[in-house]
Amino acid sequence: MLKVNRLMIVIFLLLVISVTLGVVGQINLKQGMILVNQKIEHTTKITENQKVKDYAVEKIKKGLYLIFTAFLNYKVIIGIFCYAVSMVFWLLILSKAPLSLAYPMLGTSYILVVLSSQFILHEAVSPIRWLGTLIISLGVILVARS
């Protein structure tokens with residue numbers, strides 16, 4: 001029977017919290033940027049008659065507007081907050097676990113992001129991407145068992 005000590009349980013719980021917050025952060029960032037892009041596309045239009053120089057200036061303005069608008073979007077703010085809190089938990093993990101164990105366990109975030117992308121964001125996930133996710137899953141299992 002596998003003997004699990006208290007430290008390993010704490011590390012596992014910290015990893016679950018860190019990874020979950022990271023995934024929630026990613027999904028919120030994506031949803032926020034979808035909203036930001038919709039707003040920008042609706043408010044800034046570049047006509048075909050504009051000169052190349054005007055086009056470049058408009059693209060720069062659009063980029064700056066995108067950044068400014070993104071940081072005011074509530075979903076982006078939630079995503080950044082989740083990432084910040086996730087980083088705090090990650091620092092706690094690094095203080096207790098070997099990096100060679102902890103870092104590969106972050107692979108679970110790739111798996112959860114792909115699942116969330118399909119089921120929450122309704123993105124099409126190709127079979128080859130599912131295969132890659134399966135391979136990552138096997139790697140995480142191997143690292144966890146070592």
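Compute the helix-to-body angle for 52-70: its Cα long axis versus the longest principal axis of the chain, expressed 0 to 90° and rounded to tens. Approximately 40 degrees, to the nearest ten. Over the chain, DSSP H runs of length four or greater, each weighted -39,500 (n - 2.57), average out per residue to a 222 nm ellipticity of -28000 deg cm²/dmol. Return one quarter of the surface area of the convex hull spanned by the alpha-carbon atoms of the chain, equal to its mean projected area, in nm². The directionally averaged projection comes out at 12.1 nm².
Comparing Ile60, Ile34, Ile135 in a Gaussian network model of the chain where C-alpha atoms under 10 Å apart are linked, the largest mean-square fluctuation is found at Ile60. The stretch between Leu66 and Ile120 holds 17.1 nm of extra length on full extension. This uses 0.36 nm per residue minus the Cα-Cα distance. Once the Cα atoms are used to define both axes, helix 74-96 deviates from the longest principal axis of the chain by about 30 degrees. Taking the 0 to 90 degree range and rounding to the nearest ten, how far is the long axis of helix 127-145 tilted relative to the main principal axis of the chain, both from C-alpha atoms? Helix 127-145 sits roughly 30 degrees off the main axis of the chain.
Residue separation times 0.36 nm, minus the C-alpha to C-alpha distance between Ser100 and Leu138: what's the value? Intermediate values should be presented prior to the final figure.
On the way: separation 38, 0.36 × 38 = 13.68 nm, distance 1.62 nm.
So the extension gain works out to 12.1 nm.
Read-outs throughout are calculated quantities, based only on the coordinates presented, and are distinct from any laboratory measurement. Note that the structure is a prediction, hence the values are computed from the model and not measured.
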